[in-house]
Amino acid sequence: MKASPLLLAAFAALLPVTTTQAAEGGGSVYLQGTFNDFAVAMPLPPAVYVRNDLIYYNAEIKARPLGGQADAGLEQTMWLNMVKLSWVTDWTLMGGTYSAALVLPVVLDVDVDARLAGPGFGVFGNGSSSGFADPYLVPIQVNWQSGRHNMAVALGVSVPVGKYDPDDAVNLGRHYWAVDPNASYSWLHESGWEVSGTAGMLFNARNPDTDYRTGNEFHLDWLVAKHPSATSGFGVAGYWYHQTTDDDGNIAPFLDSGFRGRSYGIGPVFMKGVKVAGQDLSLIGKWLHDLDSERHMEGDLVMFSVALAL
């Protein structure tokens, strides 16, 4: 069975990664927009799939805890490329289809402009960097389908092997493990309407260099779309991020106690199926604009993706 362009679009990125320090630093392992896509929960035919996401992210944050000190904040511009490999089997687990995936993120370029620091703040300065960030492993995902209803559960693990130095203004890795159980749902109607969403909860380990532990983080990505044909679709996507427990670490008294972050945003999304040299490709575009944010990165994310079956 060959995967349709819509099913290829369902091959979502499932990679939470930012390049500046977070919750410790006001960001997160989670990166908005990368956990949901068209028909995200639909089971794929058995095969090996490849997806490439090119992301532009421009954002800023005010004062935050960073590297065991207080940082006055920054403005960040990042180009990030992510390659996801997914193995969909014909194995049945709990009545569903078993699959596994690996995501390899490469920061092509990130530039940071630090805000002017005053008394009580550490000095991190401006900076730029490129290289590998923390890979994201999905050892288990199970998908079910019942008529118009599609469901999936997965377990993600962020592996802390990316570039990291607690004294740097720019880090490509988080330097702590994170586990992210998540669940997805997709409803597709024969009229062409679709509603899809993915919700998860990040459980973060302690950063051994800074002795800082980021609190638990809930994230929800959603999409409402219309498909004029089986090979195209457009709609609105959004996200909601909310830290549910306090950070634990060296937080300056003048910063909010616990330094819990939250943010939400919205923007347009589209997909188009094309054939190149006999190969079916799915092209996906997305722009998410942050509408509000507290103690978290705030800005704009633009993503262009290509997915195919090998």
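Listed values, structure above:
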| read-out | value |
| --- | --- |
| Percent accessible area from carbon and sulfur atoms, the stretch 79-230, protein chains only, probe 1.4 Å | 64 |
| Rounded FRET efficiency, nearest 0.05, which uses the C-beta distance separating Y56 from V224 and R0 of 25 Å | 0.60 |
| Cβ-based net charge around S282, under 10 Å, with every Lys or Arg adding one and every Asp or Glu removing one | 0 |
| Accessible surface, the stretch 178-310, averaged per residue in Å² (probe 1.4 Å) | 43 |
| Cβ-Cβ FRET estimate between A277 and N81, R0 fixed at 30 Å, reported to 0.05 | 0.85 |
| Rounded FRET efficiency, nearest 0.05, which uses the C-beta distance separating S191 from N216 and R0 of 30 Å | 0.20 |
| Length gained when the stretch D111-I266 is fully extended (0.36 nm per residue, less Cα-Cα span) | 53.3 nm |
| Point-to-point label distance, L291-F132, nm (Cα→Cβ direction, 7 Å offset) | 3.9 |
| Area accessible to solvent at V106, 1.4 Å probe radius, in Å² | 40 |
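The values are calculated or read from the model by the stated rules, or taken from the named source; none is laboratory data. In this text, all values refer to a predicted model and were calculated from it rather than measured experimentally. Counting neighbours? That spans all protein chains shown, and the Cβs are built from the backbone with ideal geometry, glycine included. Heavy atoms of the whole protein, side chains included, go into the accessibility calculation; ligands, DNA and RNA do not. Shrake-Rupley method; radii C 1.70, N 1.55, O 1.52, S 1.80 Å.
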